[in-house]
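Student: Encoded as structure tokens, here's the structure I'll be asking about.
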Amino acid sequence: MSSTLVSFRIAADPPPRLDKALSRDVPEDAALSRTRLARLIAEGAVRVNGTPVTEPKARVGGGDLVEITVPEAEESHIGAEDILLDVIHEDDDLIVINKPAGMVVHPAPGSPGGTLVNALLHHCGETLSGVGGAKRPGIVHRIDKDTSGLLVVAKSDRAHHGLAAQFEKHSVERYYRAVVYGVPDAADPRLRGLRGVGFESGNIMRITTQLARHRTDRQKQAVLFQGGRHAVTRARVVESFGQPAVAALVECWLETGRTHQIRVHMAHAGHGLVGDPVYGGRRKLPLRALPDAALQATRDFPRQALHAAILGFEHPVSAQNMRFEAPLPADMAGLIAALRGDASCTVA
């Protein structure tokens, strides 16, 4: 297998550990992430002043010569599949996809094929420069199988590292549209007394809890107030439906990004998503509040009514501010039309 030699000198006042010094001083155009550097150290691919070093805690000094032998990226073990993708943006380092509902992001035991990664391997082909030493797309965030909308995926190691850092800092802009039961309102005494739920100016609901795997159902997340991972969701009502109002289109945005976060937080607030099979989105609506077609549309909606509508981030290579928006898919647009009482609507 062919390889590339990356050679440079450690700058003055280096960190006390080799791995941190390499992360600081490795040339940017080498596109080596901290994770990749750690693997290369462990593999014996790093020499300091001509001597191989495999201990990440080894000390280095200013002026030391570092040589890293970087093997050519290997082909991924995941198969490429010719699956049509809705590409919103693509360049040498990343690709933004509008994922349809029903598509799993990454292969897993229950979904070995037909995933977004399989499709990207076919679509991107030789333009993948290698993430973590393999020619594969770099998944830095995911949305659930039955959630539609925007995802950014890295095509290079440098993009993967930069995007992952932004998600870790929670600086990525992510807005979702959801159809929920009920209408969140600061005037609702039930919500005012519910732990973890508060309201900000503009009738914006703020949900702050810890989240962790459910103790008995490992497929679910559960709201906690001790332990787990910190999670914050904000939501505002865009439109309400019914006389009296019994459902709403809400816009949610994430301060953190945890598994099922919007779904479990909205359910905790008593405003579960229409169609959500996991968190109880099959509630009965008052028969006289909505037209029969709207009631039928909510009963029949086959998935959680959730769409990742807006995605904004700083390009990890060019530093350009990027922001993308994906319109509601046909099934959610049809559901909303039915809730509005549009007699001509059809729900996909």
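Read-outs throughout are calculated quantities, based only on the coordinates presented, and are distinct from any laboratory measurement. Every value quoted in this text rests on a predicted model; they were computed, and no experiment measured them. Note: ideal-geometry Cβ built from the backbone for every residue, glycine included; neighbour counts use all protein chains shown.
Student: Along the principal axes of its C-alpha atoms, what lengths does segment 223-337 span, in descending order and rounded to whole Å?
Tutor: 54, 37, 23
Student: Still on this structure: Suppose the chain between Arg236 and Ala80 were pulled fully straight at 0.36 nm per residue; how much longer would it get relative to their current alpha carbon spacing?
Tutor: Computed gain between Arg236 and Ala80 is 52.1 nm.
Student: A further question on this structure: In a Gaussian network model over the chain where Cα atoms closer than 10 Å are linked, find which of Leu287, Leu40, Leu295 has the largest mean-square fluctuation.
Tutor: So, out of Leu287, Leu40, Leu295, the one fluctuating most is Leu287.
Student: Then there's this: Could you identify which residue out of Asp276, Asp13, Asp92 has the top mean-square fluctuation in a GNM of the chain using Cα springs shorter than 10 Å?
Tutor: Residue with maximal mean-square fluctuation among Asp276, Asp13, Asp92: Asp13.
Student: Taking the dipole about the Cα centre of the chain, with the C-beta of Lys and Arg at +1 and of Asp and Glu at -1, give me whichever of Val66, Thr256, Gln219 is farthest to the positive side.
Tutor: Gln219
Student: Based on the mean of other Cβ atoms within 10 Å per residue, sort peptides 189-202, 146-159, 21-34 so the most packed one is first. Please report the intermediate quantities before stating the final value.
Tutor: On the way: 189-202: 12.5, 146-159: 23.9, 21-34: 17.2.
Ranked by mean Cβ neighbours within 10 Å, highest first: 146-159, 21-34, 189-202.
Student: A follow-up question, please. Report the FRET efficiency, 1/(1 + (r/R0)^6), for Ser201 and Glu255, where r is their Cβ-Cβ distance and R0 is 22 Å, rounded to 0.05.
Tutor: Values: r = 16 Å, r/R0 = 0.75.
Here the calculated transfer efficiency is 0.85.
Student: Taking only Cα atoms and a 10 Å spring cutoff, compute GNM fluctuations for the chain and point out the largest among Thr209, Thr233, Thr54.
Tutor: In the Gaussian network model the winner is Thr54.
Student: Please compute the modelled spin-label separation between Gln226 and Ala165, points set 7 Å along Cα→Cβ, answer in nm with one decimal.
Tutor: Going by the 7 Å Cα→Cβ label model, 3.8 nm.
Student: Expressed in nm to one decimal, what extension gain is obtained for the pair Glu28 and Asp300 from 0.36 nm per residue of sequence separation less their Cα-Cα distance?
Tutor: 92.7 nm
Student: Let me know the volume per residue of the alpha-carbon convex hull for the chain, in Å³.
Tutor: 166
Student: Just to verify a number: FRET efficiency for Arg59 and Thr35, C-beta to C-beta distance, R0 = 22 Å, to 0.05?
Tutor: Once the sixth-power term is evaluated, E becomes 0.55.
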